[in-house]
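Report on the following structure.
The values are calculated or read from the model by the stated rules, or taken from the named source; none is laboratory data. Just so you know, these numbers come straight off a predicted model, no measurement behind them. Counting neighbours? That spans all protein chains shown, and the Cβs are built from the backbone with ideal geometry, glycine included. Each accessible area value is taken on the protein alone, full model and side chains, heavy atoms only, with ligands, DNA and RNA left out. Shrake-Rupley method; radii C 1.70, N 1.55, O 1.52, S 1.80 Å.
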Amino acid sequence: MTSIFLAFTVFAVASRIASLVVSLRHEAALKRAGAVEYGAFNSNLLALCHVLFYAAAIWEGWARGPVLDAVAAAGVALYLVALLFLCYVVHLLGRLWTVKLIIASDHSLVTHPLFRVIRHPNYFLNIVPELVGLCLALHSFRTLAIGLPIYLVPLTVRIVQEERAMRARFG
């Protein structure tokens with residue numbers, strides 16, 4: 001049971017690091033081409049919150065000890081679905097996807113139906129379910145109860161900043 005718990009934890013951290021590598025690559029290329037970053041302070045705060053959330057969930061889960069039950073299974077399933085949505089959003093946005101709020105000089109509006117049905121799919125189909133799934137998988141209920149509301153503050157600020165930047169760019 002401990003090996004399953006460890007494997008999931010390593011997989012979750014590795015998945016996040018892999019997405020960060022993609023983001024950094026996209027960010028560097030966009031900035032070389034003249035893209036502008038908005039809300040840098042909030043992006044850094046959001047990144048810090050993400051790291052702290054993961055650290056707290058993992059610490060709480062390890063401190064409690066591995067539990068393999070229906071809640072953990074549901075958490076793993078939710079985490080995997082969130083990861084699939086992340087991959088899909090990255091695919092749809094292509095070179096424009098980063099963890100920061102960056103508008104390219106040649107930025108084009110993505111009009112895929114997913115973005116029309118769900119206003120911010122990266123946040124509502126990936127990030128929030130990812131964090132909930134992580135906590136359920138690790139039985140990190142305190143982290144979920146305390147950390148998620150805290151995390152939602154800079155995430156809400158990000159959404160407002162993104163809406164503002166997109167309206168300024170596309171009207």
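For region 28-51, which residues satisfy the criterion of being open to solvent by 50 Å² or more (accessible area, probe 1.4 Å) and in contact with a Phe, Trp or Tyr (Cβ under 9 Å, 6 or more places away or on another chain)? Within region 28-51, no residue meets the criteria. Counting the residues of region 1-51 that are touching a residue at least 12 places away in the same chain (Cβ under 8 Å), assigned to a helix (DSSP H, G or I) and of a type in the set (Gly, Ala, Ser) gives 8. The set of residues in region 1-27 being over 18 Å from LEU84 (Cα atoms) and surrounded by 12 or more Cβ atoms within 10 Å (Cβ to Cβ) consists of ILE4, PHE5, LEU6, LEU24, ARG25, HIS26, GLU27. When residues in region 137-163 are screened for being open to solvent by 40 Å² or more (accessible area, probe 1.4 Å) and either outside any helix (DSSP H, G or I) or farther than 16 Å from LEU46 by Cβ (or both), 4 of them pass. Filtered by the rule that a residue be without any contact (Cβ under 8 Å) to a residue 40 or more places away in the chain and either over 20 Å from SER43 (Cα atoms) or of a type in the set (Lys, Arg) (or both), region 75-99 gives LEU84, CYS87, TYR88, HIS91, LEU92.
Scan region 86-105 for residues that are open to solvent by 70 Å² or more (accessible area, probe 1.4 Å) and outside any loop (DSSP other than H, G, I, E, B) and the total you get is 4. Scanning region 116-126 for residues that are in a helix (DSSP H, G or I) and open to solvent by less than 20 Å² (accessible area, probe 1.4 Å) turns up PRO121, TYR123, ASN126.
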